[in-house]
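Colleague: Got a structure for you, questions after.
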Amino acid sequence: MLHRFRIRMVTTRGLLALATSLVLGLPMAQGQVHQWQWSRAIVSNGPERFREVAIDPSDGSVYTAGEVQNSFLTILGTINLVNQNQALLTKYSDTGTHLWTAVIGGSSEETGEDVALGPDGKVYITGTFKGTCHFYNAGGNTTAGILNAAGNTDIYLAAYSANGMFLWAQ
């Protein structure tokens with residue numbers, strides 16, 4: 001079973017219930033207590049975002065899809081993301097250890113919109129791109145695959161192995 005999480009905006013009803021509880025001193029509904037395990041962030045000199053998360057139920061690995069802009073991230077080794085929006089596909093262990101990051105970059109803007117795991121163990125990422133889109137193996141700085149946009153902004157679907165090796169894109 002695939003576990004996916006989305007970050008959702010707090011609803012007005014939820015805020016009203018919280019505010020009413022705080023003002024009137026009413027207890028909030030008791031629920032299951034969760035214990036914090038770990039968290040990770042992308043820290044750079046430009047905007048960055050995780051858009052989607054998928055969890056591998058077989059080992060608890062966490063995959064994220066997102067993008068960074070105008071960034072030089074040490075986790076990427078020799079790949080420099082200066083002055084471009086680039087998509088990232090990242091894998092963390094179940095304890096939060098960074099295992100690998102694969103860059104999807106190119107001549108213009110590339111986004112990482114969604115991530116999913118297939119029953120065959122492959123990791124699938126979707127996003128958008130303009131111009132020429134380059135797909136890199138995890139930790140690699142040589143293009144492993146290329147797509148060229150037919151229009152202004154196109155979409156891609158790419159497959160990676162569980163070890164971060166680029167398999168294909170269309």
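The values are calculated or read from the model by the stated rules, or taken from the named source; none is laboratory data. It should be emphasised that the depicted structure is a prediction, and the values quoted were computed from it without experimental measurement. When we count neighbours, we look across all protein chains shown, and the Cβ atoms used for this are built from the backbone with ideal geometry, even at glycine. Surface accessibility is based on the protein's heavy atoms, side chains included, excluding ligands, DNA and RNA. Shrake-Rupley method; radii C 1.70, N 1.55, O 1.52, S 1.80 Å.
Colleague: Which of the residues belonging to segment 94-120 are open to solvent by less than 20 Å² (accessible area, probe 1.4 Å) and either out of contact with any Lys or Arg (no Cβ under 9 Å at 6 or more places or on another chain) or in a loop (DSSP other than H, G, I, E, B) (or both)?
Modeller: The answer is Gly96, Val103, Ile104, Gly105, Gly112, Gly118.
Colleague: Restricting the search to segment 41-78, which residues are at negative phi, at pLDDT 70 or above, in a loop (DSSP other than H, G, I, E, B) and surrounded by fewer than 17 Cβ atoms within 10 Å (Cβ to Cβ)?
Modeller: Once the filter is applied, which keeps residues that are at negative phi, at pLDDT 70 or above, in a loop (DSSP other than H, G, I, E, B) and surrounded by fewer than 17 Cβ atoms within 10 Å (Cβ to Cβ), segment 41-78 yields Pro57, Ser58, Asp59.
Colleague: Any idea how many residues of segment 143-163 are part of a loop (DSSP other than H, G, I, E, B) and of a type in the set (Val, Ile, Thr)?
Modeller: Residues that pass the stated criteria total 1.
Colleague: Something else about it: Six or more apart or on different chains, Cβ atoms under 8 Å: show the pairs whose first residue is in segment 121-142 and assigned to a strand (DSSP E or B) and whose second is open to solvent by less than 30 Å² (accessible area, probe 1.4 Å) and acidic (Asp, Glu).
Modeller: If the second residue must be open to solvent by less than 30 Å² (accessible area, probe 1.4 Å) and acidic (Asp, Glu), the pairs left are Gly127/Glu67; Gly127/Glu110; Thr128/Glu110; Phe129/Glu110; Cys133/Glu110.
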